[in-house]
Amino acid sequence: MSIARVGSSGSCVVEIQETPRVTVLKLTQRRSAGRRSRRELFSGQVEASLASVAKLMRAAYYLAVFLVLLLRLIAYALLLLPAFSKLGWDYFHNPYIRRGLRYGQKSRNFLDIYLPTEAGRRLHGKPDSPMPVVVSVMGGAWVIGHRLWNVQLANRLADAGVIVVAVDYRNFPSATLPEMLDDIDQAMNWIFTHIAEYGGDAENVVLLGQSAGAHLSSMLLLREWSDLEAPAWSVSDLKAFVGISGVYDLVSQSEYMDSIGVYPFLEHFCVSGDLKASSPSHLLPSLGRAVERLPDVHLFHGEADTSVPTTSTVRFAEQLLRAGARRVEVKLKPGISHSHPIVEGPLGNCHDQVELILPALFGAEEALARQMQLPLGLSMPRPVLDLASLLMPF
């Protein structure tokens, strides 16, 4: 503080004290800046803490949903265990199944071939002519897919005089999307090279995919146009593609999964997490006129599907037509869930997949004639199947 003497009168001395305003102002500014800095730091810490809490709560929510779905799946499997046991016994003792044929050197590079039964051979009616072939790629959320999921469909088609090849492939996290596609591509090469040895007609082949299998199969069809190698098969070799409850847009599917509390893990098995580059619906515009060379496309979706919205199939069909696909048919069926065409339907003698496949192979008239002669398969009581549909988490 400075003191200035400005004057004196006798014994009286007058002093004026000058306040150092600049110094005080600077100190005040520093204190204000310090308080703001502490407030901002505290605010940042609070925001970070809240974000961490939100992440933990979201993770806890995902975990809770997963546990509920897991419990429902266990209950579902226990309820249908008698039927699954019968199907498993038949699978390992059926003389018409060639099990575990290796098509590649990677793990899970196996396929099963279901040969037509005696009833199927009678329906075929031409003992010396090759039989039509269905290559089936089942789903399983890219995580639990297995060739055994084909058993009901394959048994039914074998009774109709059709050879079925059930393809296995590596799942996530053991494989990424390109590796899954490589597996299925290698299986297709093996099939077109060897199917004649099993009585199959390589000129009458339908590729079928269900759920994640429909995604992988359609991705493979679109990818083949840019394949630089000369494989044993090409897209033009296929008579038709049948997609059941398929996922054709991973971007929309990831958003939908998050909205229903299922952890959207899809980006983890895509290259660089690029969902668009891994979605058939987003790849179509880049193909140009090559889309015209795709085989006939038959798409099916149940309107009660809560795992994959029906919009996935409807939009893909619209995009195929806009891109120039020569023939696209869509069938939406009320009251049908995601797993119904694969499990509950066939257990109740409702065979939606067969009704799509046979016309693609034989035409409508012969397909109907064959269906009318098919025997009744394994059947469970309707109340049990209705309860199973309620329990099924997918």
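Based on this model, can you work out whether residue 144 counts as free of Cβ contacts under 8 Å to residues at least 40 places away in the same chain and of a type in the set (Val, Ile, Thr)? Yes, satisfied. Residues in region 322-337 that are over 27 Å from residue 235 (Cα atoms) and of a type outside the set (D, E, K, R): 334, 335, 336, 337. Count of region 133-188 residues, restricted to those that are under 20 Å from residue 354 (Cα atoms), touching a helix residue (DSSP H, G or I) at 6+ places or on another chain (Cβ under 6 Å) and of a type in the set (D, E, K, R), is 2. Answer with yes or no whether residue 235 is modelled with pLDDT under 95, within 18 Å of residue 327 (Cα to Cα) and surrounded by fewer than 22 Cβ atoms within 10 Å (Cβ to Cβ). Considered against the rule, which asks whether it is modelled with pLDDT under 95, within 18 Å of residue 327 (Cα to Cα) and surrounded by fewer than 22 Cβ atoms within 10 Å (Cβ to Cβ), residue 235 comes out as yes. The single residue among 223, 156 that is among the basic types (Lys, Arg) and out of contact with any Pro (no Cβ under 8 Å at 6 or more places or on another chain) turns out to be 223.
Matching residues to (1) within 18 Å of residue 317 (Cβ to Cβ); (2) modelled with pLDDT of 85 or more:
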residue	(1), (2)
255	no, yes
258	no, yes
267	no, yes
272	no, no
287	yes, no
291	yes, no
294	yes, yes
298	yes, yes
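Quick check on region 122-138: of everything there that is in a loop (DSSP other than H, G, I, E, B) and not charged (D, E, K, R), which residue is most open to solvent (accessible area, probe 1.4 Å)? Result: 127.
If only residues of region 350-394 that are open to solvent by less than 50 Å² (accessible area, probe 1.4 Å) and among the polar types (S, T, N, Q) are counted, the one that is nearest to residue 73 (Cα to Cα) is 389. Can you find a residue in region 292-304 that is among the β-branched types (Val, Ile, Thr) and either within 15 Å of the chain's Cα centre (by Cα) or surrounded by 18 or more Cβ atoms within 10 Å (Cβ to Cβ) (or both)? Yes, region 292-304 has at least one match. Would region 332-341 turn up any residue that is touching a strand residue (DSSP E or B) at 6+ places or on another chain (Cβ under 7 Å) and aliphatic (A, V, I, L, M)? Within region 332-341 (the criterion being touching a strand residue (DSSP E or B) at 6+ places or on another chain (Cβ under 7 Å) and aliphatic (A, V, I, L, M)), the answer is yes, since at least one residue qualifies. Filtering region 193-217 to residues that are crowded, with 20+ Cβ neighbours inside 10 Å, over 11 Å from the mean Cα position of the chain (by Cα) and part of a helix (DSSP H, G or I) leaves only 195.
For region 176-187, does any single residue satisfy the condition of being part of a loop (DSSP other than H, G, I, E, B) and open to solvent by less than 30 Å² (accessible area, probe 1.4 Å)? Looking for residues that are part of a loop (DSSP other than H, G, I, E, B) and open to solvent by less than 30 Å² (accessible area, probe 1.4 Å), one finds none in region 176-187, hence no. Candidates are the residues of region 139-170 that are within 17 Å of residue 84 (Cα to Cα) and among the hydrophobic types (A, V, I, L, M, F, W, C); the one that is surrounded by the fewest Cβ atoms within 10 Å (Cβ to Cβ) is 144.
The values are calculated or read from the model by the stated rules, or taken from the named source; none is laboratory data. Everything numeric here is computed off the predicted structure, so don't read it as measured data. Every residue, glycine as well, gets a Cβ built from its backbone with ideal geometry; the counts of neighbours run over all protein chains shown. When the accessible area is computed, the model is the full protein with side chains, heavy atoms only, and any ligands, DNA or RNA have been set aside. Shrake-Rupley method; radii C 1.70, N 1.55, O 1.52, S 1.80 Å.
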